[in-house]
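Comments concern the structure below.
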Amino acid sequence: MGRYFKNIWEGVVTVLIGMRITWRHLFTPAVTIQYPDVKLKLPERARNRLYVNMDDCIGCDQCSMACPVNCITIETLKSTPDIDLGLTSVGTKKRLYVPRFDIDIAKCCYCALCVYPCPTECIKMTDVYEFSEYERTNLIYNFSVMTPAEIDMAKAKLTAHEKEQAEKKAAAPKAPAAPVAAPSAAAPGVPGARKPLPPLSRPAAAPKTDPPPKPDSTS
Amino acid sequence: MKDYLISILENEIIVYTLMAALPLVWIIPFALFAVWWERKISAHMQDRLGPMRTGGWHGWAQTIADILKLIQKEDIIPTAADRKLFTLAPYIVFVGSFAAYAAIPFSAAYIGSEINIGLFYIIAISSLVVAGILMAGWASNNKWSLFGALRSAAQIVSYEIPVVLSLLAVVMVVGSFDLQEINRAQTGPIWNWFLFQKFPFLFLAGIIYFVASLAEVNRTPFDIPEAESELVGGYHTEYGGMKFALLFLAEYANMFAVSAIATTIFLGGWNSPFGDFLSGPWWGFFWFVSKGMGFIFVQMWLRWTLPRLRVDQLMYVGWKVLIPFSFAIIIGVGAWVMIAG
């Protein structure tokens, strides 16, 4: 009998204790944030959408080669000696047009491996994470700033220049090495343009800036 | 109010229709508000925000949007269901809970029907709800629904007894089943309310009534007929669209009905807590509704405090705790009334 009343008493008391807890929580500020209106600040090194600053891109293709999922497509076009493409913000001379720099962000795995090799630090991870689209093709970002007309002009100029060079070479038969390199770079523009890249990236002192981030990515 | 309306409209049929429609005019906005309120309270008790968008300020139009959606929905009746019963059940449930409003004294001036067996009528007519629930569960032809309905029947059979016994204690004091009479017996300052009379008997009776009424309306911790985590939705698993809306409306109407009875019997009904101050027909309505809402708030509060009872625990609480205690209260109050008047 005593246990019966004790049970009832404990039942009543514990219900009241529980009610006190829920009452307190009624006035506790909610942890929810109103997302589109209020956004949490992302951590400093959050990796989200990729951005490429084309003013600094030298078309070295290193980011594309580093990409584990092949989401970066770069095409380059040699410039003729009479054109000055300017310097990047780190002082590297730009020698290549970049008519195509596409990132398929749908494929991107946000590993940031493309960010570390960039000699001019022009490709980087931003804190933008709201970029959903209705069409998957809209997720292919075209970063190149060149218009089709400009690309055609550059191509025409390059072929004219190549022709001129070849004629010069033919007129003055001297080195056997030069004619071999020239036609391969000349004709299609796209696959040929890949070849002259290694010599270009070397003067940009890329290997020197490369090592520091490497331990970061492996650790 | 009825006589006044008859004197200006001079047509009894219109007046009676008006008087009968008034509770409905009350139930629907109340249910819309209470659903929103419950969602907000639930959310804030769990440190969330609840609906915040619809309508602008704290999602006030959320339930209006919900009901509009429910109205537009296709009316689905499962092939294996018993068509007639399935269609009929939500109406029975709603009629049962709505009919109880006929004898609820909203104010000194307004009561649907001032019958001298008001309390008896309400208890009798609200049992119709169980029939409807049982019907819904059976007609759905679904294990979960049937389980829910059976549990509901078992629960209401057990808890009707403490409800009636605890109310009887007050009836013995007043000597009348007339709810307006019971209200008038509590006129005066706050200690005239029956909750504080014949202490501690009627106080305990009030608590017993409240606990048992939670079981009557299938609210947590006695929500085993619905038991969304084990029975999907209990008796309304198979219902959708407007039928579901009706069941839901009936549930909220029932919540207010039991709160209204608790208010009338134990908390002085439409009486102002300050005696004559702030009393009158309109203030009476205000006090009545705010007391009822207070009870509803406690119902919601308990929902987020207590876990659901097991069936055997439910039976234990009903038969071994509430019923013996209410008998003791009946005896105590009876002796008190007999000796001291």
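The values are calculated or read from the model by the stated rules, or taken from the named source; none is laboratory data. It should be emphasised that the depicted structure is a prediction, and the values quoted were computed from it without experimental measurement. Cβ atoms come from the backbone with ideal geometry, glycine included; neighbour counts cover every protein chain shown. Heavy atoms of the whole protein, side chains included, go into the accessibility calculation; ligands, DNA and RNA do not. Shrake-Rupley method; radii C 1.70, N 1.55, O 1.52, S 1.80 Å.
Assorted remarks:
- Among the residues of region A:1-16, those identified as in a helix (DSSP H, G or I) and more than 9 Å from chain B (Cβ to nearest Cβ) are A:2, A:3, A:5, A:6, A:9, A:10, A:13, A:14, A:16.
- Selection count, region A:53-108, where residues are under 22 Å from residue A:126 (Cα atoms), part of a strand (DSSP E or B) and open to solvent by 40 Å² or more (accessible area, probe 1.4 Å): 2
- Check on residue A:38, within 14 Å of another protein chain (Cβ to nearest Cβ), within 21 Å of residue A:131 (Cα to Cα) and not in a helix (DSSP H, G or I): yes
- Pairs with Cβ under 6 Å, 6+ apart, first in region B:90-111 and part of a strand (DSSP E or B), second β-branched (Val, Ile, Thr): B:105/B:111
- Being of a type in the set (Val, Ile, Thr) and modelled with pLDDT under 85 holds for only one residue in A:14, A:80, A:32, and it is A:80.
- Among residues of region B:286-308 that are touching a residue at least 12 places away in the same chain (Cβ under 8 Å), those with a beta-carbon under 9 Å from a residue that is open to solvent by 20 Å² or more (accessible area, probe 1.4 Å) and acidic (Asp, Glu) at least six positions away or on a different chain give the pairs B:308/B:230.
- For region A:113-144, a residue qualifies if it is β-branched (Val, Ile, Thr), surrounded by 12 or more Cβ atoms within 10 Å (Cβ to Cβ) and outside any loop (DSSP other than H, G, I, E, B), and the qualifying residues are A:123, A:140.
- Hits in region B:258-275 (condition: closer than 20 Å to residue B:166 by Cα, open to solvent by 10 Å² or more (accessible area, probe 1.4 Å) and not in a helix (DSSP H, G or I)): B:267
- Whether a residue is closer than 29 Å to residue B:111 by Cβ, over 15 Å from the mean Cα position of the chain (by Cα) and in contact (Cβ under 8 Å) with a residue 60 or more places away in the chain was assessed, and residue B:224 does not pass this test.
- Within region B:55-79, the residues that satisfy the criterion of being within 14 Å of chain A (Cβ to nearest Cβ) and either within 28 Å of the chain's Cα centre (by Cα) or open to solvent by less than 40 Å² (accessible area, probe 1.4 Å) (or both) are B:58, B:59.
- Across region B:276-312, the number of residues qualifying as surrounded by fewer than 16 Cβ atoms within 10 Å (Cβ to Cβ) and among the charged types (D, E, K, R) comes to 3.
- Scanning region A:3-59 for residues that are under 30 Å from residue A:97 (Cα atoms) and touching a Leu at 6+ places or on another chain (Cβ under 8 Å) gives A:48, A:58, A:59.
- Yes/no for residue B:48 being open to solvent by 40 Å² or more (accessible area, probe 1.4 Å), within 22 Å of residue B:223 (Cβ to Cβ) and either touching a residue at least 40 places away in the same chain (Cβ under 8 Å) or within 14 Å of chain A (Cβ to nearest Cβ) (or both): yes
- Within region A:23-35, the set of residues being more than 7 Å from chain B (Cβ to nearest Cβ), open to solvent by 90 Å² or more (accessible area, probe 1.4 Å) and part of a loop (DSSP other than H, G, I, E, B) comprises A:27, A:29, A:35.
- Within region B:297-322, the set of residues being of a type in the set (A, V, I, L, M) and under 26 Å from residue B:252 (Cα atoms) comprises B:298, B:300, B:302, B:306, B:309, B:311, B:314, B:315, B:317, B:322.
- Test for residue B:315: is it away from chain A (no Cβ under 13 Å), assigned to a helix (DSSP H, G or I), over 17 Å from the mean Cα position of the chain (by Cα) and not hydroxyl-bearing (Ser, Thr, Tyr): yes
Yes/no per residue for (1) outside any helix (DSSP H, G or I); (2) at positive phi:
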| residue | (1), (2) |
| --- | --- |
| B:23 | no, no |
| B:29 | no, no |
| B:32 | no, no |
| B:37 | no, no |
| B:47 | yes, yes |
| B:51 | yes, no |
| B:55 | yes, yes |
| B:58 | no, yes |
| B:63 | no, no |
